[in-house]
Structure formats: structure tokens, C-alpha cells
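Presented below is the structure to which this report refers.
The values are calculated or read from the model by the stated rules, or taken from the named source; none is laboratory data. Keep in mind that this is a model prediction, so the values were computed, not measured. Ideal geometry is used to build each Cβ from the backbone, glycine not excepted, and the neighbour counts take in all protein chains shown. For accessibility, only protein heavy atoms count, side chains too; no ligands or nucleic acids. Shrake-Rupley method; radii C 1.70, N 1.55, O 1.52, S 1.80 Å.
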Amino acid sequence: MHNALPEDLNLIQVVDNEDEVLEALDNFYKKIQFVSKTFKKQRGCLKSNLESNSPRRTE
């Protein structure tokens, strides 16, 4: 189980103009992509560790 981080609660950002809207959206999607890539790497490491530690079948 994972806990929420304080920055996860920053769901609303007030902006004054279109440029700030684009910047806020760009920053949000960059963060999402980083988290997704990090999760995929961690999942891949876990999978390879499980496979290397599992007993081999001999047929």
C-alpha cells in the first residue's frame, strides 16, 4: 500500500493567462510520464528478480 504525498493533493492550480495554462499542463504531463516510466522500471526489476529466484523446471 502506498501513501499519498503532499504534492499529490495539489490538484488545482490558479493561473492568470493562457501561457500559464500551457505551462501547468505541460508540467503535469511531464510528471505523469516520469512516474509511469519509473513504475515500469520498478515492475521490470521486480519481475526479473522473481524469475531469477524461482526454481527452474527440468523436464
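Of note:
- Theoretical FRET efficiency, 1/(1+(r/R0)^6), r = Cβ-Cβ of Val15 and Lys37, R0 22 Å, to 0.05: 0.25
- Annotation: per residue accessible area for the range 1-42 equals 106 Å², rounded to a whole number [probe 1.4 Å, protein chains only].
- Carbon/sulfur fraction of accessible area - the range 1-40, other protein chains in place, 1.4 Å, %: 60 percent
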